[in-house]
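Read through the structure below, which is laid out as structure tokens, and then see the notes.
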Amino acid sequence: METHQSLEEVDLVRGLQERDPKAMEVFLERYSPLLHHCISQFAGRDLERDDLWQELLKYSLERLDVGHFDPQRGALGTWLYRVAWCRCLDLQRRLQSRQAPGSRLPQEAIMEQDADVSVCGTQVEAFPNADVAEGFRIYVQWQNALVTHDDICREIFIESPIAHPSSMLRRLELVEMGAYQERGWAEDYDLWLRYHAAGRRFAKVAEPLVRWREHRARATRTDSRYSIENFLRAKAHYLSSGPLAARDGLIVWGAGQTGRRLSKHLIRAGHRPDAFVDILRARGDECVVRPDLDTDNLPDSVEDADVLVVDAPLVEVDSSLPTEEQLFNLEE
């Protein structure tokens with residue numbers, strides 16, 4: 001028979017599953033001392049206190065979400081301490097196994113198995129949740145979806161496809177590539193673009209082995225080299241010297257702010273877009289071309305030009321305009 005306490009805990013768990021702020025406030029007030037006691041038994045054994053706190057909160061809520069807590073089998077506090085203790089043990093064992101003499105990182109194993117791989121990263125997990133904005137969360141999800149060499153090369157001009165803290169490189173190759181260079185934009189993205197231009201191969205471990213801490217003091221948030229404008233400068237530089245170098249035409253799909261700003265840098269590098277293709281919201285998501293071209297011949301024009309997709313929603317377009325199949329990859 002359920003006690004009054006178990007009924008109260010069931011309501012609390014339901015509130016946590018619904019991410020109710022009041023339920024979270026009660027949970028933290030009631031069980032923070034318990035979690036901190038557990039953390040005190042492990043923090044300092046190569047495990048940081050703040051990292052453990054964030055991990056235990058996340059892990060406990062995930063277990064509650066899938067119904068692992070059964071009020072018939074004990075109190076929530078007892079269950080929570082057991083889950084927290086087991087998670088700390090698991091994290092400590094993983095860390096020790098990676099630090100043991102003779103042990104290898106997963107990136108190292110991949111690079112030993114395939115001598116052609118020059119750069120190997122891993123998937124990442126951004127934390128703490130309270131500081132991870134929606135844009136950064138979407139970026140991490142996008143980056144984690146790029147696992148194979150083809151995935152990474154296909155989308156390398158969108159953003160940096162490998163989290164630098166997760167990467168492993170071959171020292172001699174890094175020296176041959178000129179190592180990190182100051183060009184006025186992000187040095188790690190510049191390095192990946194140079195590796196890509198040189199035809200080197202990428203790989204990624206399909207497991208989040210690095211926890212990527214987000215905070216306001218990161219260089220990404222404070223250094224001008226990581227600004228959108230300087231990222232666009234980097235893209236324009238390597239597009240101009242790479243995929244666009246041997247092409248006579250250029251059509252930019254997406255004439256919004258980002259498309260115009262990127263085009264400005266491409267024009268400075270000698271690659272003026274022949275046309276912009278975009279979605280005109282005021283006319284019912286009609287696909288339009290600027291400047292006006294003979295749309296009957298536009299697909300033929302596309303065959304002789306690179307199509308640079310900047311920011312285009314997936315909508316049906318008029319058959320006389322280029323379809324997704326006609327938007328060929330910049331690498332081709």
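Just so it is clear, none of the values below were taken in a lab; they were calculated from the coordinates. The model shown is predicted, which means the values in this text are computed figures rather than measured ones. So basically every Cβ, Gly included, is an ideal-geometry build from the backbone, and we count neighbours across all protein chains shown.
Would you kindly state how much longer the chain becomes between residue 18 and residue 176 on full extension, computed as 0.36 nm times their sequence separation minus their alpha carbon distance, in nm to one decimal?
Values: separation 158, 0.36 × 158 = 56.88 nm, distance 5.33 nm.
Here the segment from residue 18 to residue 176 would lengthen by 51.6 nm.
Scan around residue 126 for amide H atoms under 5 Å from its own, H built in the peptide plane at 1.01 Å from N, and keep only partners 5 or more places away or cross-chain.
Answer set, sorted by chain and number: 212.
So, R0 is 22 Å and r is the distance between the beta-carbons of residue 248 and residue 197; what FRET efficiency does that work out to, to 0.05?
On the way: r = 20 Å, r/R0 = 0.93.
FRET efficiency, residue 248 to residue 197: 0.60.
Cross-link candidates for residue 264: which lysines have Cα within less than 27 Å, leaving aside residues fewer than 8 places away along the same chain?
235
Pop the C-beta distance of residue 108 and residue 34 into the FRET formula with R0 = 41 Å and round what comes out to the nearest 0.05.
Working: r = 39 Å, r/R0 = 0.94.
The formula returns an efficiency of 0.60 here.
So how far apart, in nm, are the two label points at residue 134 and residue 206 if each is 7 Å from Cα heading toward Cβ?
Here the answer is 3.0 nm between the modelled labels.
Just subtract the alpha-carbon distance of residue 25 and residue 68 from 0.36 nm times their residue separation and send over the number in nm, one decimal. Walk me through the numbers on the way to the answer.
Values: separation 43, 0.36 × 43 = 15.48 nm, distance 2.10 nm.
Contour length minus Cα-Cα distance gives 13.4 nm.
Karplus couplings for the range 55-68 from phi (6.51 cos²θ - 1.76 cosθ + 1.60, θ = phi - 60°), rounded to Hz, Gly and Pro as x?
After applying 6.51 cos²θ - 1.76 cosθ + 1.60, I find 5, 5, 4, 4, 5, 5, 5, 5, 5, 5, 4, 9, x, 6 Hz.
R0 = 35 Å: FRET efficiency of residue 155 with residue 93, Cβ-based, nearest 0.05?
Values: r = 35 Å, r/R0 = 1.01.
It comes to 0.50.
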